[in-house]
1. Of the numbered conditions (1) part of a strand (DSSP E or B); (2) modelled with pLDDT under 95, Ala205 satisfies every one except a single condition; which is it?
2. So in region 208-221, with the set limited to residues that are within 10 Å of the chain's Cα centre (by Cα) and assigned to a strand (DSSP E or B), which one is farthest from Glu251 (Cα to Cα)?
3. So Ile154 ticks every box in (1) closer than 23 Å to Val66 by Cα; (2) outside any loop (DSSP other than H, G, I, E, B) but one. Which box is left unticked?
4. Here is a list: Val195, Val124. Which entry is in contact with a strand residue (DSSP E or B) (Cβ under 6 Å, 6 or more places away or on another chain), of a type in the set (Val, Ile, Thr) and in a strand (DSSP E or B)?
5. Of the residues Asn117, Asn179, which single one is of a type outside the set (A, V, I, L, M, F, W, C), at negative phi and exposed (fewer than 13 other Cβ atoms within 10 Å of the Cβ)?
6. All but one of (1) under 29 Å from Ser143 (Cβ atoms); (2) aliphatic (A, V, I, L, M); (3) modelled with pLDDT under 95 hold for Leu83, so report the exception by its number.
7. Looking at (1) open to solvent by less than 40 Å² (accessible area, probe 1.4 Å); (2) of a type in the set (A, V, I, L, M); (3) in contact with a Cys (Cβ under 7 Å, 6 or more places away or on another chain), which one does Met207 not meet, given that it meets all the others?
8. Given the conditions (1) surrounded by 14 or more Cβ atoms within 10 Å (Cβ to Cβ); (2) not in a helix (DSSP H, G or I), report the number of the one that Leu41 does not fulfil.
Amino acid sequence: MQKKILVLNDLHVGSAYGLFPPAFVDTEGNVHEYSKGQKWLWDTFIQALNRIQPQPIDVIVVNGDVMDGKPGKNPNQSQDCTLHRIEDQRECAVKVLEEVKSRFPKAAWYFVQGTPNHETAADVAQVAFMLLGEKTPVRQTLSLQMGRPGREVILQFHHETSFTSGPTKSGAIERDIVNGFLAVAMDGWKSAACVIRAHCHYFVAVMRKNKLGIVCPCWQLQTPFTRKSSPDKTIPDIGCVVLSVDDALVEFGTCPVGFQEYIYRHPQSEMVALDEEEPDGTPLTLIGNE
């Protein structure tokens, strides 16, 4: 048995730096055009979906933070919101996810709640219902089991994991792998072959023999909150991941889950050229402190 799973997370719909479809019309009939950065992000999102589309995707997991959240609750205090009403964010999130659904109409959908500062399970459930037309559970942790008897493969999806610094980004997800080993040894829990996390807005993958850990990339540009200490410190990895599951590999003692990342380089801030001319034709010059 082989399965393909598309993982999407941290879309942050409603943020000025999150995914935003062109010419979205809100609940009061106002048309919202996306910014230059949002246009790049949207075009990149569509490009990623078109690259993935030739594959037969069986499952789609939305692993948290599909919306940016209500004013005053998220770390930015919604200073970066383009959609302040949560109902508009829900409608817009559906428009975004419809692009995915149209390309993979036969895929099964699963939803995981993101950070409570950004979204509630009830709001995500509304998005799922509007998208799929049926009541869909929203889980804090999703454990998917697939495969034939004796070859079961478990994948554990959870939105949050700890942040780690640039030089050691793999530390937190490796701890999650070890925590899984301890849960098996001490509490008798079933072992997950792959643990998938989000939240950090960077991509990293770690392998421990027959166990894989992944922190998935995001679909939100660098915000003022993430760049406040340094513009070069927290640069998001833009993109998503497709998991490949093959239960036939279980009998060989190797990890039955592989992956392909679809990652795009975050654009750098525009450069200000000093050799440009003023409107009257005089060259621009640097003015120092006097």
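1. Only one criterion is unmet by Ala205, namely (2).
2. Narrowing region 208-221 to residues within 10 Å of the chain's Cα centre (by Cα): 215-220.
In the following step, the residues that additionally are assigned to a strand (DSSP E or B) were identified as 215, 218.
Numbers: Val215: 26, Cys218: 34 Å.
Looking at residues that are within 10 Å of the chain's Cα centre (by Cα) and assigned to a strand (DSSP E or B), I get Cys218.
3. Just one mismatch for Ile154, condition (1).
4. Numbers: Val124 fails: in a strand (DSSP E or B).
None of the other options fit; the residue is Val195.
5. Of Asn117, Asn179, the one residue that is of a type outside the set (A, V, I, L, M, F, W, C), at negative phi and exposed (fewer than 13 other Cβ atoms within 10 Å of the Cβ) is Asn179.
6. Tallying (1) under 29 Å from Ser143 (Cβ atoms); (2) aliphatic (A, V, I, L, M); (3) modelled with pLDDT under 95, Leu83 fails exactly one: (1).
7. Only one criterion is unmet by Met207, namely (1).
8. Condition (2) is where Leu41 drops out.
The values are calculated or read from the model by the stated rules, or taken from the named source; none is laboratory data. Just so it is clear, the structure is predicted and the values come from calculations on it, not from any experiment. Every residue, glycine among them, receives a Cβ derived from its backbone with ideal geometry; neighbour counts consider all protein chains shown. In case anyone asks, the SASA skips ligands and DNA or RNA and just uses the protein heavy atoms, side chains included. Shrake-Rupley method; radii C 1.70, N 1.55, O 1.52, S 1.80 Å.
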